[in-house]
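Only one structure is covered here, and it is reproduced in the block below.
The values are calculated or read from the model by the stated rules, or taken from the named source; none is laboratory data. Treat the numbers as computed from the prediction; the structure is a model and nothing was measured. Neighbour counts are summed over all protein chains in view; Cβ atoms, including those assigned to glycine, are modelled from backbone coordinates with ideal geometry.
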Amino acid sequence: MKSAFELAMERLEKESPTQELTEEQKAKLSELSKVYEAKIADKELFLNGEIAKAEAAGEFDQIEQLTKQLVSERKVLEEELEQKKNEVRGS
């Protein structure tokens with residue numbers, strides 16, 4: 001006799017089956033992650049340096065603006081990454 005959890009998992013698998021990835025797709029996904037981690041780190045490094053300069057100069061409005069820019073650019077890069085990963089998964 002199956003538990004409720006096992007039955008639910010079977011139903012879920014029927015509704016949206018698990019997608020098996022090829023080794024090539026796995027490699028592409030890994031490479032994309034590395035590239036975008038580097039892009040995000042580069043943006044964070046640059047903008048955190050700018051924030052530190054603004055803090056030293058006491059420019060609090062600029063600190064807020066740079067912090068918002070950092071969050072925004074990180075979000076854009078993460079969305080790009082997910083879009084590209086979905087394209088790889090779909091192929």
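When you scan region 69-91, do you find a residue that is in contact with a helix residue (DSSP H, G or I) (Cβ under 9 Å, 6 or more places away or on another chain), within 25 Å of Q19 (Cα to Cα), surrounded by 12 or more Cβ atoms within 10 Å (Cβ to Cβ) and touching a residue at least 60 places away in the same chain (Cβ under 8 Å), even just one?
Checking region 69-91: at least one residue is in contact with a helix residue (DSSP H, G or I) (Cβ under 9 Å, 6 or more places away or on another chain), within 25 Å of Q19 (Cα to Cα), surrounded by 12 or more Cβ atoms within 10 Å (Cβ to Cβ) and touching a residue at least 60 places away in the same chain (Cβ under 8 Å).
Report yes if L32 is among the hydrophobic types (A, V, I, L, M, F, W, C), assigned to a helix (DSSP H, G or I) and more than 20 Å from K84 (Cβ to Cβ), otherwise no.
no
When you scan region 19-27, do you find a residue that is in a helix (DSSP H, G or I), farther than 21 Å from E79 by Cβ and among the small types (G, A, S), even just one?
Looking through region 19-27, at least one residue is in a helix (DSSP H, G or I), farther than 21 Å from E79 by Cβ and among the small types (G, A, S).
What are the residue pairs meeting all of these: first residue in region 2-25, first residue under 22 Å from S91 (Cβ atoms), second residue modelled with pLDDT under 85 and among the hydroxyl-bearing types (S, T, Y), Cβ atoms under 8 Å, and 6 or more apart or on different chains?
Every condition considered, the pairs that remain are Q25/S91.
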